Amino acid sequence: MSAPVAQLDRAADYESAGYVFKSRRARPNSVQIVATHFIWEMRRSCERKSMHITDKTRFFMTEALKEAEKAFAEDEVPIGAVAVYKNQIIGRGHNRTEALQDPTAHAEILAITAAANALNTWRLTDVEIYTTIEPCIMCAGALVLARVKKIVFGARDEKFGGCGSVFNIVNEKKLNHQIEVVEGVLGNDAVLLMKEFFKKKRNRRG
């Protein structure tokens, strides 16, 4: 059964945060707004940290995008993630909240669970997570608890983001672990996939 748009809480704020999932009647220059927002976010990110997208980074984020496309095909919010250990993918995940009727079945949670199973340990101290959208506050907390080494994500989540947008859980000094974060990697691809998903939802309602 397809999920009502109202239940898609994690990504709902993309409609109001400038990611332009509203109707073209409301925002006739939607493509321009998406491009402008992405460029602004990339500039802000690069000011905070000099970021060079290596072939390795691009490859793993492309794999995360493939997972997001699987979610899209399953009528789930299209977010995907991969867990990388010693330059090999040991865990994959995409949103399965509706399929499993599980509010914790986010891409990052499934990816780190698979990684923990692969390594036979919950301490993922040498694991990097590549995810298409900034981890939400739940996933950010789980990534801290798993002692993940690094998070690389595409686009920000201005409603639930736990890596700087709403809270900065992954770099909270009161916690016993902090995580290196790189943002803006293939973020435009992630945004456009989300846009297409919500466009499909609107068309189905219409």
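At-a-glance table
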read-out: Sparse-neighbourhood loop sites, trypsin sites (Lys or Arg not before Pro) in the stretch 70-116 - DSSP loop, at most 15 other Cβ within 10 angstrom; value: Lys86
read-out: Share of carbon and sulfur in the accessible heavy-atom surface of the stretch 68-137 [1.4 Å probe, %]; value: 49
read-out: The stretch 99-206: GluC sites (Glu not before Pro) in DSSP coil with no more than 16 other Cβ atoms inside 10 Å; value: Glu158, Glu172
read-out: Two-site FRET efficiency, Thr62 against Leu175, from Cβ-Cβ distance with R₀ of 30 Å, rounded to 0.05; value: 0.45
read-out: Heavy-atom accessible area per residue - the stretch 75-145, 1.4 Å, Å²; value: 40
read-out: Accessible area of Lys66 in the full protein assembly, 1.4 Å probe (Å², nearest 10); value: 100
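The values are calculated or read from the model by the stated rules, or taken from the named source; none is laboratory data. Note that the coordinates shown come from a computational prediction; the quantities given were computed from them, not determined experimentally. Quick reminder, even Gly has a Cβ in these numbers, built from the backbone with ideal geometry, and neighbours come from all protein chains shown. With ligands, DNA and RNA removed, areas are computed over all heavy atoms of the protein, side chains included. Shrake-Rupley method; radii C 1.70, N 1.55, O 1.52, S 1.80 Å.
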